[in-house]
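Colleague: Would you mind keeping the following structure in view while I ask a few things?
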Amino acid sequence: MKISIIGTGYVGLVSGVCLAARGHQVTCIDKRTEIIDQINRQETPIFEPGLEELLKEVIAKGTFIASTDLRSAVMNTDISLIAVGTPFGNGKIDLTYIENSAREIGEILKEKAQYHVVCVKSTVVPTTTDTLVRQVLEASSGKRAGEFGLAMNPEFLREGKAVEDFMYPDRIVLGAYDQQSFEVMKKVYDGIFDAPIIKVNLRTAEMIKYTANALLATLISYSNEIALICENVGSVDVKDVLEGVTLDKRFNPVIGNQLINPEMISYLRAGCGFGGSCFPKDVKALASFSEDLGYAPRMIQTTLDINETQPVRIVERLEATLGTLANKKIALLGLAFKPDTDDIRESPSLIIIRELLNRQAQVYAVDPIAIENTKKVVGENGMLLYADDYQQALQDADAVILVTSWADFAKIAPDEFVKLMKTPVVADGRRIFDKNVLEAAGVQYLGVGLA
């Protein structure tokens, strides 16, 4: 099929390249000429493993192009996917980009005789597609829904594994205004992607996305609350506790004498909190939306509260250990909210940097690919510096905080902490190091969920 995608960000570009790789003819639209030029040079403006290689393939095959010409793209495609940003600010989700995209598409549909489906791919609160988007499209096109198609097709992409998740989905959710909208959208996936297609209404599709992210975020905050209890008990390791819980066959079934170890269990691990472009924004948006409906979602709000305080707790423990953080050199291992991405949005590292600087600590941060993005947000000064590698960050440091579980950091030998640091104190925010091995080498170890 011929598909136009409005937006070349994380969702739009990954969706466009992967759909083109599956044989669809895709045009990605963005108003920023420099981004379009970069993509057409076969360079991705975002870091995502495997994406640039796939981009080169689909451009070479002629199934993908990036353009600033929205009118031509809509007029010459069967479906337009809206994949623009929906930031959270002032206590609510901002639908400005969604509304503007729908209006611009509608104005073009006024001139188009053929049936065309407009599908929201961005994450939006329930009622957005069948009210705001529909009304804007109708007003700007002069047509009624039904004369054009309307759909909602949420994405379930993990940063760092987005290409894999799109190419090999576990389910495809299609919310449709009517049967014709569904049948057109079904052709995008049916027989091309090996996954069940779930047909629902527009609001249910929107709610599925928010519910999925809120559940995963809640599992993380639940694990961190248990970790805090373990720290207060003493002589209890949250890793042992959660392992003992998740070996229950209801979490971890045994098939053929083998533990399945489903990936859901990875969210039942204590750490320094969740971040990124999805979980914090979406959980906040769901809480706000629920409150607007007259219900205060207590569990969801608690999930957010725990996540806000978890990075602060690590800094407070380190301060208690050192006596003071003033004029101490603190190495920060990791800035991205998770490995295999350069995304620092809502990363725990940002809260940790803020708390360390508030306590007059000198911070030396290192990350394989997220330093430039961090500089754009928090800058660089005499108290916040960036190291070229972890050895430079550790040199003469009074303590180190591990924030992102990059593979290179996990491989740091215990004796490197001892040889390089002034005082080898390691605060492990992801529990990737072996406490016993570090302590045997002379390192003082502070682990989340371990007193």
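Colleague: Test each condition in (1) modelled with pLDDT of 95 or more; (2) surrounded by fewer than 16 Cβ atoms within 10 Å (Cβ to Cβ); (3) in contact with a strand residue (DSSP E or B) (Cβ under 8 Å, 6 or more places away or on another chain) for V245 and report the one that comes out false.
Modeller: With respect to (1) modelled with pLDDT of 95 or more; (2) surrounded by fewer than 16 Cβ atoms within 10 Å (Cβ to Cβ); (3) in contact with a strand residue (DSSP E or B) (Cβ under 8 Å, 6 or more places away or on another chain), V245 is out only on (3).
Colleague: Right, another one. Do you know which residues across the range 422-448 are closer than 17 Å to E243 by Cβ, assigned to a loop (DSSP other than H, G, I, E, B) and over 24 Å from the mean Cα position of the chain (by Cα)?
Modeller: F433, D434 - these are the residues of the range 422-448 that are closer than 17 Å to E243 by Cβ, assigned to a loop (DSSP other than H, G, I, E, B) and over 24 Å from the mean Cα position of the chain (by Cα).
Colleague: Cβ-Cβ distance below 6 Å, separation of 6 or more or different chains: which pairs start in the range 395-420 with a residue that is without any contact (Cβ under 8 Å) to a residue 24 or more places away in the chain and end on one that is surrounded by 13 or more Cβ atoms within 10 Å (Cβ to Cβ)?
Modeller: Correct list of pairs: A410/I432.
Colleague: Going through A227, A205 one at a time, which residue ends up being within 26 Å of M167 (Cα to Cα) and touching a residue at least 12 places away in the same chain (Cβ under 8 Å)?
Modeller: On inspection, the qualifying residue turns out to be A205.
Colleague: For the range 2-25, indicate whether the set of residues that are hydroxyl-bearing (S, T, Y), assigned by TED's automatic domain parsing to the domain that holds V184 and surrounded by fewer than 23 Cβ atoms within 10 Å (Cβ to Cβ) is non-empty.
Modeller: no
Colleague: Another question, then. Would you mention how many residues in the range 1-20 are in contact with a strand residue (DSSP E or B) (Cβ under 6 Å, 6 or more places away or on another chain) and either free of Cβ contacts under 8 Å to residues at least 12 places away in the same chain or assigned to a loop (DSSP other than H, G, I, E, B) (or both)?
Modeller: Residues in the range 1-20 being in contact with a strand residue (DSSP E or B) (Cβ under 6 Å, 6 or more places away or on another chain) and either free of Cβ contacts under 8 Å to residues at least 12 places away in the same chain or assigned to a loop (DSSP other than H, G, I, E, B) (or both): 1 in total.
Colleague: Sort through L132, L174 and tell me the only one that's of a type in the set (A, V, I, L, M, F, W, C) and in contact with a Phe, Trp or Tyr (Cβ under 8 Å, 6 or more places away or on another chain).
Modeller: The conditions single out L174.
Colleague: Mind checking whether some residue in the range 280-302 is part of a strand (DSSP E or B), surrounded by fewer than 22 Cβ atoms within 10 Å (Cβ to Cβ) and outside the structural domain of E155 (by TED's automatic domain parsing)?
Modeller: no
Listed here are the residues, each with its yes/no results for (1) part of a loop (DSSP other than H, G, I, E, B); (2) free of Cβ contacts under 8 Å to residues at least 40 places away in the same chain; (3) among the aliphatic types (A, V, I, L, M); (4) in contact with a Ser or Thr (Cβ under 6 Å, 6 or more places away or on another chain).
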site	(1), (2), (3), (4)
E346	yes, no, no, no
I352	no, no, yes, no
A365	no, yes, yes, no
T374	no, yes, no, no
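Colleague: When you scan the range 303-329, how many residues do you find that are free of Cβ contacts under 8 Å to residues at least 40 places away in the same chain and either outside the structural domain of N358 (by TED's automatic domain parsing) or outside any helix (DSSP H, G or I) (or both)?
Modeller: The qualifying residues number 5.
Colleague: Regarding T341, is this residue in a helix (DSSP H, G or I), closer than 17 Å to G275 by Cα and among the hydroxyl-bearing types (S, T, Y)?
Modeller: no
Colleague: Next up: Considering (1) without any contact (Cβ under 8 Å) to a residue 24 or more places away in the chain; (2) within 27 Å of K338 (Cβ to Cβ); (3) in contact with a helix residue (DSSP H, G or I) (Cβ under 7 Å, 6 or more places away or on another chain); (4) not β-branched (V, I, T), say which one A162 fails and leave the rest.
Modeller: Every listed condition holds for A162 apart from (1).
Colleague: For the range 21-77, which residues satisfy the criterion of being in contact with a helix residue (DSSP H, G or I) (Cβ under 6 Å, 6 or more places away or on another chain), in a helix (DSSP H, G or I), of a type outside the set (V, I, T) and within 23 Å of I192 (Cβ to Cβ)?
Modeller: The answer is A21, L51, L54, L55.
Colleague: Checking L137 against (1) under 23 Å from the mean Cα position of the chain (by Cα); (2) over 15 Å from E206 (Cβ atoms), which single condition isn't satisfied?
Modeller: (1)
Colleague: Let me ask another. May I ask you to say which residue of I98, I108 is at pLDDT 95 or above, touching a Lys or Arg at 6+ places or on another chain (Cβ under 6 Å) and farther than 23 Å from R22 by Cα?
Modeller: Matching residue, one of I98, I108: I108.
Colleague: While we're here: Can you tell me which residues in the range 204-247 are outside any helix (DSSP H, G or I) and out of contact with any Leu (no Cβ under 9 Å at 6 or more places or on another chain)?
Modeller: Scanning the range 204-247 gives G234, S235.
The values are calculated or read from the model by the stated rules, or taken from the named source; none is laboratory data. Not measured: the values here are computed from a predicted model. Backbone-built Cβ (ideal geometry, glycine too); neighbour counts: all protein chains shown.
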